[in-house]
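The values are calculated or read from the model by the stated rules, or taken from the named source; none is laboratory data. Model, not experiment: these values are computed from the prediction. All Cβ positions, glycine included, derive from the backbone under ideal geometry; neighbour counts span all protein chains shown.
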Amino acid sequence: MSKIHVTTTVNGDPVEFLCEASESLLDVLRDRLSLTGSKEGCGTGDCGACSVTVGGRLVCSCLVLGAEVEGRSVETIEGMAEGETLHPLQRMFIKHAALQCGICTPGILVAAKSLLERNPDPTEEEVRYWLAGNLCRCTGYDKIIRAVLAAAAEMREAS
Amino acid sequence: MVQVRLWGSLASAIGDQTEVEIEAGTLGELLEGLAERYPALRPQLDRGVSVAIDGLLYNDSWFTPIKEDSEVVLLARLEGG
Amino acid sequence: MALGSKRDTSKRDFKIVGTRPLRPDGIDKVTGRARYGADMSAPGMLVGLVLRSPHAHARIKSIDTSRAEALTGVHAVVTRADFGDVEDAATADTLDNCMAGAKALYDGHAVAAVAAASDAVAKQALKLIEVEYEPLPHVTDVDEAMAPGAPVLHEGRTDETVPQGMSANVISRCQFGHGDIEAGLAKADRVLKRTYRTEATHQGYIEPHACLASMGPDGQADLWCCTQGHYMVRNTCAAILGLEQGKLRVTASEIGGGFGGKTTVFLEPVALMLSKKAGRPVKMVMTRSEVLRATGPTASSSIDVRIGMTKDGRITAGFAELRYQGGAYPGSPVNMGAMSAFAPYDLENVRTIGWDVVTNRPRQAAYRAPGAPIAAFAVESAIDELAKGFGLDPLEVRLKNAAREGTRASYGPTYRAIGLEATLRTAKDHPHWTAPLGPNQGRGVACGFWFNFGGDTCVSLNITPDGTVTLTEGNPDIGGSRASMSMMAAEELGIPYDKVRTVIADTGSLGQNEVTDGSRVTFAVGLATIEAARAAKREMCRRAAKVWGIDEEAVVWEDGAAKPSGPNAGEFPPMTLEEIAAIASNTGGPIAGHFEVNAEGAGVSFATHMVDTEVDPETGAVRVLRYTVFQDAGKAVHPDYVEGQFQGGAAQGIGWALNEEYIYGEDGTLQNPGFLDYRIPVASDLPMIDTVILEIPNPGHPYGVRGVGETSIVPPLAAVANSVSDASGVRLTDLPLSPPKVLAAIQSR
């Protein structure tokens, strides 16, 4: 059971770890790097609670192997705020009460950020379809969609 | 004397009496009085009941006062999600 | 303690209650810092995994754990043999559900568990446990389980309410109502007789059950877990493991959803036992498949309804016979279904009969307004069909029959001030009601009711030396309750919201607290918070009186400061909370207020939901186009989170109505234990969910608060079904309204 040595970047920090060949990126993040902000809701890519980006691409980290991120750049919820300054999405989620229990929130924020990087002015429908892979059981999505649209509007004004 | 309304299953346990009278000034006295006077109610009382007193729900507070003219209704024990 | 004397509800001007401040745990939850059940670790911790029955029903003839125990890296193996007997029947069932005894009663039932140095070793160890099963005939359908000759799960569990000669799977019968059904039906212009069916649905919280247990040989233990009630976890685990409650300290993690499903234990006693045997901390986390196979769900049902109505829309009699299977143990929520079925209506003649039935399915757990949505689906569908048949407006029919203050409820008591009529009138006046509909589109309405609870509650409010406030309470914050508590404390003390920080205590820090259930937290913990703040105010007035050298009765509290009560009391400038706090050591020591109560007197709550759907005539797929919730909140402390409860309940109800169901194969195993096949609503399935908050104050709460969390899931099953019927022209009586069912109904039209 020899482990694989991986060198990568997580939230801008250089990171090295050893992992099993079969180990998911989610397990590496949570168990080896203590980045427990990404959540496991299903382990099968159905709930989106473990959403991160790898090389700028939105993925379910439970479906990516730890070994696959060699030389890539991984972004997680822990890297979303800059120091004391929350990302507009994070601020809007609090302001619009877009979370109740909060377990889906990290994944939804990572996914929404990825959407706004591609499409700074999404329609409600576009937000709904982009986030269709991120399950929330508490909110009925209403306030989440409003928060994403509000953050998008603010970010467009700022740019 | 307090008039106590019973739900159907309790009523059938004591010969279809839907209302009984019990000497009680508090919820505790009421529950004790019922069990003493109507032993057939005891299994359900042991499993737990809720009591509506004048339209508000009570479960376990023995010393909740009950007035002579209070509306008292026994209910199946309520549990929530 | 006379709560009744302090019912200064409706006329009060609130400064903070009713506003929308930012929640105090928001930053932790948007940055990934908040720690949920699976996010904790401990030095030397082991991984715990559970071996589960592949059979729906089987006698466990033997379990050989020797090969697993011999595997390097395995530190403990646990079976039922490690646990003693438990006296209380319900707790004994909980133990049996956590770890099977003589029989495995459903697919996924736990039969053994291991603790090992790694996940890989633990998985390997599970494969080395040899269980010899004798498979038995099984039954998963409620009607089949009631039939004579059905495979029997338990002998001797039937109670005295069940007539002789029925299957031993029938556990109890309940009956509610008043009047004379047959006489009432005879007065009707039409009597509708229908049978309805609903499937089991899971609470569907996104966070799987997880815990971290550490137990020493001295019987002292610590447990971290995601739960709706860590005091319940403590008490249940202590009973199962034979521990003293005070020796077990339970800390509630942040909780990733519960909806009733986390009001019991599954892993926790097993993790403690593994930890005890291994002498190391043990962490256990369920997979999604385990969550679906072995926790939750709610009951499935079949329900017969007979309702009589006159042609002008008056209900002359209502009858429902409800059969709920609650899985492998007694305790389906049929009582509450039977009590709530006709609760929205003022009926002269009403009767409901409920049957609690066991089957080879996971033990049901509470799910948001347990039992009520199922019953409301049947009754509200039937009322709608009758109204439509007479060409009557379904809202008018409901208004004509609506329960009001003074109505004798179908479950017995007479209602005090209630808000059903207000929700119906508001719905009727809302633009949604008259908005145009296109082809294949329809509109449905339905009403719903929930009791709401109180229960044991402790709150401690401490004034710090610099005049800020920490509020310690014992109920996990499942959807913003820290904010509501801080708001009520600040309101009562007359200080800014951000001067109060609310923390959730572990079981060692407060007395007993009932679980976060029954929509009780804002009501009961809020009430205790207000009373704790009042206690602190009284103490601060005493301190000011001491300083001023006047009688403490001559001091009042206003706008965050102690003041002489009038000119006769003396001329002193107000002494603020901060000033009193600063000299607390000089005036007698630290200042705190606390309140412990069994909070009784929760007020019932009603809602009316309105929904537009479009049915695709070629596929049978249903799309929800527009949704509006009208609900009485008593007093909305933080309207954002009240709206959130309304919206979340509606969304779960839509899932229950359209997609979600437990599907069992011929072999009794669950066919869809994953989110791909057990499909809960996703963002693209739903429209915005509009909300209208009505405030008819609860006379049992100082601010008029009613619970709001559960009522919102009661109407949507029927509202959606009524809407689909309106859109498609066919009446469907079996949930979920999945495309194949809807298509078949349309084609046979």
Check your understanding: Considering the range A:78-111 alone, what residues qualify as being facing chain C (nearest Cβ under 7 Å) and more than 16 Å from the chain's Cα centre (by Cα)?
Key -> A:Ile94, A:Lys95, A:Ala97, A:Gln100, A:Cys101
Practice item. Give the range A:112-144 a look and list any residue that's surrounded by fewer than 24 Cβ atoms within 10 Å (Cβ to Cβ) and either on the phi > 0 side of the Ramachandran plot or within 11 Å of another protein chain (Cβ to nearest Cβ) (or both), or say none. Key: A:Glu124, A:Glu125, A:Glu126, A:Arg128, A:Tyr129, A:Trp130, A:Ala132, A:Gly133
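Name the residue, out of A:Ser22, A:Ser51, A:Ser34, that is among the hydroxyl-bearing types (Ser, Thr, Tyr) and more than 10 Å from every other protein chain (Cβ to nearest Cβ).
A:Ser51
Based on this model, can you work out whether C:Lys283 counts as more than 14 Å from chain B (Cβ to nearest Cβ) and surrounded by fewer than 23 Cβ atoms within 10 Å (Cβ to Cβ)? Please lay out each step first, then the result.
Working: more than 14 Å from chain B (Cβ to nearest Cβ): yes; surrounded by fewer than 23 Cβ atoms within 10 Å (Cβ to Cβ): no.
No.
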Point to revise | Whichever residue in the range C:103-141 is of a type in the set (Val, Ile, Thr) and under 33 Å from the mean Cα position of the chain (by Cα) and, among such residues, is farthest from C:Pro362 (Cα to Cα) | key: C:Val114
Point to revise | C:Arg731, sole failed condition from (1) within 11 Å of chain A (Cβ to nearest Cβ); (2) surrounded by fewer than 21 Cβ atoms within 10 Å (Cβ to Cβ); (3) assigned to a loop (DSSP other than H, G, I, E, B) | key: (1)
Review point. Has the range C:596-609 got any residue that is in contact with a strand residue (DSSP E or B) (Cβ under 7 Å, 6 or more places away or on another chain), in contact (Cβ under 8 Å) with a residue 60 or more places away in the chain and farther than 30 Å from C:Ile713 by Cα?
Key: yes
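Which of the helices (runs of 4 or more DSSP H) found entirely inside chain B contain at least 3 residues meeting this: at pLDDT below 95 and over 11 Å from the mean Cα position of the chain (by Cα)?
Per the criteria, B:8-13, B:42-47.
Is it fair to say C:Met273 is buried (at least 24 other Cβ atoms within 10 Å of the Cβ), among the aliphatic types (A, V, I, L, M) and outside any strand (DSSP E or B)? Before the answer, list the steps.
On the way: buried (at least 24 other Cβ atoms within 10 Å of the Cβ): yes; among the aliphatic types (A, V, I, L, M): yes; outside any strand (DSSP E or B): yes.
Yes.
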Practice item. Kindly establish whether C:Leu46 is surrounded by fewer than 22 Cβ atoms within 10 Å (Cβ to Cβ), more than 26 Å from C:Tyr329 (Cα to Cα) and in contact (Cβ under 8 Å) with a residue 40 or more places away in the chain. Key: no
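Do any strands (runs of 3 or more DSSP E) entirely within the range C:298-408 hold 2 or more residues that are over 27 Å from the mean Cα position of the chain (by Cα), in the same structural domain as C:Asn722 (by TED's automatic domain parsing) and under 21 Å from C:Lys187 (Cβ atoms), and if so, which? Steps first, answer last, please.
Details: elements: C:300-309, C:315-325, C:350-357.
Result: C:300-309, C:315-325.
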Practice item. Output the qualifying pairs, or none if there are none: Cβ atoms under 6 angstrom, residues six or more apart or on different chains, first residue in the range B:1-24 and at negative phi, second residue among the aromatic types (Phe, Trp, Tyr). Key: B:Trp7/C:Phe176; B:Gly8/C:Phe176; B:Ile14/B:Tyr38
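For C:Glu614, state whether it is away from every other protein chain (no Cβ under 13 Å), within 24 Å of C:Asn440 (Cβ to Cβ) and either surrounded by fewer than 24 Cβ atoms within 10 Å (Cβ to Cβ) or aromatic (Phe, Trp, Tyr) (or both).
So C:Glu614 fits the description; yes.
Considering each of C:Ala102, C:Ala125 in turn, give the residue that is closer than 17 Å to C:Lys277 by Cα, in contact with a helix residue (DSSP H, G or I) (Cβ under 9 Å, 6 or more places away or on another chain) and hydrophobic (A, V, I, L, M, F, W, C).
Values: C:Ala102 fails: closer than 17 Å to C:Lys277 by Cα.
On inspection, the qualifying residue turns out to be C:Ala125.
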Review point. Is at least one residue of the range C:259-266 buried (at least 24 other Cβ atoms within 10 Å of the Cβ), away from chain B (no Cβ under 14 Å) and assigned to a helix (DSSP H, G or I)?
Key: no
Exercise for review: Can you tell me which residue within the range C:160-198, out of those that are under 26 Å from the mean Cα position of the chain (by Cα) and charged (D, E, K, R), is farthest from the other protein chains (Cβ to nearest Cβ)?
Suggested key: C:Arg197
Practice item. Within the range A:16-32, track down each residue that is crowded, with 18+ Cβ neighbours inside 10 Å and more than 17 Å from C:Asp119 (Cα to Cα). Key: A:Phe17
Exercise for review: Could you please find all residues in the range B:1-60 being more than 11 Å from every other protein chain (Cβ to nearest Cβ), among the hydrophobic types (A, V, I, L, M, F, W, C) and more than 13 Å from B:Glu71 (Cβ to Cβ)?
Suggested key: B:Met1, B:Ile14, B:Val20, B:Ile22, B:Ala24, B:Leu31, B:Leu34, B:Ala35, B:Leu45
Point to revise | C:Pro43, sole failed condition from (1) touching a strand residue (DSSP E or B) at 6+ places or on another chain (Cβ under 8 Å); (2) not in a helix (DSSP H, G or I) | key: (1)
Check your understanding: Does at least one position in the range A:2-19 carry a residue that is at the interface with another protein chain (Cβ under 7 Å from one of its Cβ atoms), small (Gly, Ala, Ser) and over 30 Å from C:Phe646 (Cβ atoms)?
Key -> no
Check your understanding: Do you know which residues across the range C:336-368 are farther than 26 Å from C:Leu399 by Cβ and surrounded by fewer than 24 Cβ atoms within 10 Å (Cβ to Cβ)?
Key -> C:Ile353
Practice item. Could you please find all residues in the range C:620-634 being assigned to a strand (DSSP E or B) and crowded, with 24+ Cβ neighbours inside 10 Å? Key: C:Val622, C:Tyr627, C:Thr628, C:Val629, C:Phe630, C:Gln631, C:Asp632
Review point. Can you spot a residue in the range C:376-383 that is within 13 Å of chain B (Cβ to nearest Cβ) and touching a Phe, Trp or Tyr at 6+ places or on another chain (Cβ under 8 Å)?
Key: no
